[in-house]
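Worksheet: the structure to be examined is printed underneath.
The values are calculated or read from the model by the stated rules, or taken from the named source; none is laboratory data. Just so it is clear, the model here is predicted, and its values are computed rather than measured. When we count neighbours, we look across all protein chains shown, and the Cβ atoms used for this are built from the backbone with ideal geometry, even at glycine. Side chains included, ligands, DNA and RNA excluded: accessible areas come from the protein's heavy atoms. Shrake-Rupley method; radii C 1.70, N 1.55, O 1.52, S 1.80 Å.
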Amino acid sequence: MDDSLDAFVGSSTAMRAVHDTIRRVADTDVDVLILGETGTGKELVARAVHELSRRVSGPFVPVDCGAIPENLLESELFGYERGAFTGADRQRQGLLEAASGGTFFLDEIGDLPLVLQAKLLRVLQERKLRRVGGNSEVPIDVRIVAATSRNLDDMVSDRSFREDLFYRINVVRIDLPPLRERGDDLGLLAEFFAEQCSREMQRPVPAISGAAYSSLRRYHWPGNVRELQNVIRRAIALSEDDVIGVDDLPVSLIAAADAANGNPARGFFDLRSEYVSRFEREYFTSLLKRNTGNVKESANEAKLPRGTLYRLLSAHEIDPGDYRGR
Ligand SMILES: Nc1ncnc2c1ncn2[C@@H]1O[C@H](COP(=O)(O)OP(=O)(O)OP(=O)(O)O)[C@@H](O)[C@H]1O
Ligand SMILES: [Mg+2]
């Protein structure tokens, strides 16, 4: 029954601790708070908590508090009674009610406006809610899993997050470490995504060259696991052979990785010519793909003299013949 944790790559000490916590709390029904930078896997954890719980046959209802306009958020969460406001021509269930019997995933709880924080606190304490415009209390049976990438401690100090709500949700807390602090998990994740993405794109699974791997290791990954997934996906799409090399990584990543390593950062002109050269390579390969290797049509589309196109193709050792008959 551990399927949802199998999808979870990582054997670093920090991630093993996360697994343990998930296993221990999943079927206890206590509310859970997940903290971590963007892209560290907060939603994946929330789903695992749900899937390993007794509520697994109930719904998993995610809501991103930062994505719903403030004036709609209350009726989205709590629902409303007929006539509660103009346009409320019938009663409507809110998302908290819709999650009954299951798990309610309150994503980006740090973005919840203060007024709604007070209402949410009441729901958490009493497990009852009042629809907008309603008088009666509706009992709800949900487990709340909340997440945020913001620093709630700071928000509590500057009073943009209610202290009482913070203590109420901070009972079981899962801190997801940033990718840069997960050691060898980086390699495991890179290989996992190489396999996953090449399956999706129906490509052979590539190897990752030693040089590419060492750039990946030195980079600081502000976008964490999601950024790694995107870097690998992009590399597979661009790569012309079965190896992910340094050339297939974003120039900005390599520059940052070099700088982090104490290598003198390359200057503007160096980086610019590398960008241009990469742009040309990507541009011409997709141009030829679209025109199935036909140089005349490619030149027309690019509005380039045919001779110029030939010269550029040969500078990049691109053979139009490779794109014919596809
Ligand atoms: N340990 C992991 N193993 C495998 N895939 C992972 C892992 N952690 C995250 N991912 C994948 O990385 C991506 C980002 O994860 P997720 O959406 O859960 O992050 P998040 O913390 O909710 O991000 P955000 O703060 O941007 O909402 C998803 O595609 C997820 O499946
Ligand atoms: Mg998320």
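Assorted remarks:
Residue by residue, here is whether (1) of a type outside the set (D, E, K, R); (2) open to solvent by 50 Å² or more (accessible area, probe 1.4 Å); (3) in contact with a Ser or Thr (Cβ under 7 Å, 6 or more places away or on another chain) holds:
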{"site": "ILE254", "(1), (2), (3)": "yes, no, yes"}
{"site": "ALA260", "(1), (2), (3)": "yes, yes, no"}
{"site": "GLY267", "(1), (2), (3)": "yes, no, no"}
{"site": "PHE279", "(1), (2), (3)": "yes, yes, no"}
{"site": "PHE284", "(1), (2), (3)": "yes, no, no"}
{"site": "THR292", "(1), (2), (3)": "yes, yes, no"}
{"site": "SER298", "(1), (2), (3)": "yes, no, no"}
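- Which numbered condition SER209 misses (of (1) within 30 Å of ARG150 (Cα to Cα); (2) at pLDDT below 95): (1)
- Verdict on ARG16 being within 12 Å of ligand 1 (Cβ to nearest atom), out of contact with any Pro (no Cβ under 8 Å at 6 or more places or on another chain) and without any contact (Cβ under 8 Å) to a residue 12 or more places away in the chain: yes
- Considering the stretch 90-197, the qualifying strands (runs of 3 or more DSSP E), each wholly inside and each with 2 or more residues that are within 16 Å of ligand 1 (Cβ to nearest atom) and buried (at least 19 other Cβ atoms within 10 Å of the Cβ), run over 103-107, 143-148.
- SER214 vs. criteria in a helix (DSSP H, G or I) and not assigned by TED's automatic domain parsing to the domain that holds ASP185: no
- Selection of first residues in the stretch 140-169 that are farther than 23 Å from HIS50 by Cα and of second residues that are charged (D, E, K, R) and away from ligand 2 (no atom under 16 Å from the Cβ), restricted to Cβ pairs under 7 Å at least 6 apart or on distinct chains, gives the following pairs, ordered by first then second residue: VAL156/GLU163.
- Across the stretch 36-64, the qualifying residues are those that are open to solvent by less than 40 Å² (accessible area, probe 1.4 Å) and of a type in the set (Gly, Ala, Ser), and the one among them that is nearest to ligand 1 (Cβ to nearest atom) is GLY41.
- Test result for GLY325, farther than 21 Å from GLY245 by Cα and part of a helix (DSSP H, G or I): no
- Against the numbered list (1) under 22 Å from the mean Cα position of the chain (by Cα); (2) more than 21 Å from GLN229 (Cβ to Cβ), ASP89 comes up short only at (1).
- Of all residues in the stretch 69-89 being part of a loop (DSSP other than H, G, I, E, B) and open to solvent by 40 Å² or more (accessible area, probe 1.4 Å), the one that is nearest to ligand 2 (Cβ to nearest atom): PRO69
- Number of the exception - ILE244 against (1) open to solvent by less than 50 Å² (accessible area, probe 1.4 Å); (2) of a type outside the set (Lys, Arg); (3) in the same structural domain as LEU309 (by TED's automatic domain parsing): (3)
- Some residue of the stretch 77-93 being closer than 22 Å to LEU152 by Cβ and either outside the structural domain of THR28 (by TED's automatic domain parsing) or modelled with pLDDT under 95 (or both): yes
- Residue in the stretch 35-42 that is among the hydroxyl-bearing types (Ser, Thr, Tyr), closer than 23 Å to GLY223 by Cβ, within 14 Å of ligand 2 (Cβ to nearest atom) and in the same structural domain as LEU121 (by TED's automatic domain parsing) present: yes
- Members of the stretch 209-226 that are in contact with a Leu (Cβ under 8 Å, 6 or more places away or on another chain) and open to solvent by 10 Å² or more (accessible area, probe 1.4 Å): ARG217, TYR219, VAL225
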